[in-house]
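The values are calculated or read from the model by the stated rules, or taken from the named source; none is laboratory data. Given the structure is predicted, the values throughout are model-derived calculations rather than measurements. Here the Cβ positions follow ideal geometry from the backbone for every residue, glycine too, while neighbour counts run over all protein chains shown. For accessibility, only protein heavy atoms count, side chains too; no ligands or nucleic acids. Shrake-Rupley method; radii C 1.70, N 1.55, O 1.52, S 1.80 Å.
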Amino acid sequence: MINAISEMIFDIVITGIITLDFLILYLNVKINSVKTVGICKKNLACSRGNKGMFEYEIDGIKHYNAEKTMHLGTFKIEQKYTIYVNKNNHEKFVSKKVLIDYMIFIIFSGIPFLFFCYATFIHG
């Protein structure tokens, strides 16, 4: 009985840490960024994901840079995408696809977290 409870608490802690990690990544981008639109000029295939090379304009200055974070989906060339540019450094940005990836990971790690909390503390 005690062994089963300790395993469930271990599962709660691990899934809670994973969920919290992705939540912090998501909120860090949302709070410290400016939302704008960029045109994908090139799709860079990386070893574990994809990055887009974008042209965008902030405060009347045009920038041409690659994303700082890889994502799961691919971009279409010459299409406009919503991007989030760092407030302090306009050369660093992430696309909306990265935020969607973070939300998917939050959901997929949050559901087991809620299930383990329910199973341990409420159900029994």
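Brief remarks on what is shown
- Just one of (1) among the aromatic types (Phe, Trp, Tyr); (2) in contact with a strand residue (DSSP E or B) (Cβ under 6 Å, 6 or more places away or on another chain); (3) open to solvent by 50 Å² or more (accessible area, probe 1.4 Å) fails for Tyr81. It is (3).
- Test: residue in the stretch 38-52 that is open to solvent by less than 70 Å² (accessible area, probe 1.4 Å) and within 30 Å of Ser6 (Cβ to Cβ): no
- One residue alone among Phe115, Phe121 is open to solvent by 70 Å² or more (accessible area, probe 1.4 Å), at pLDDT 90 or above and either in a helix (DSSP H, G or I) or more than 21 Å from Met8 (Cα to Cα) (or both), and that residue is Phe115.
- Subset tally (residues that are within 15 Å of the chain's Cα centre (by Cα) and over 15 Å from Lys30 (Cβ atoms)) for the stretch 75-104: 1
- Evaluating Lys68 against the criteria (1) under 21 Å from Leu27 (Cα atoms); (2) modelled with pLDDT of 85 or more; (3) open to solvent by 100 Å² or more (accessible area, probe 1.4 Å) leaves one unmet condition, (2).
- Here is the figure for the stretch 84-97: residues that are surrounded by 13 or more Cβ atoms within 10 Å (Cβ to Cβ) and either touching a helix residue (DSSP H, G or I) at 6+ places or on another chain (Cβ under 7 Å) or more than 16 Å from Lys51 (Cβ to Cβ) (or both) total 3.
- Every pair of residues 6+ apart whose Cβ atoms lie under 9 Å, when the first sits in the stretch 85-103 and is farther than 19 Å from Asp59 by Cβ and of a type in the set (Phe, Trp, Tyr) while the second is part of a helix (DSSP H, G or I) and at pLDDT 85 or above: Tyr102/Phe22; Tyr102/Leu23; Tyr102/Leu25; Tyr102/Tyr26; Tyr102/Val29
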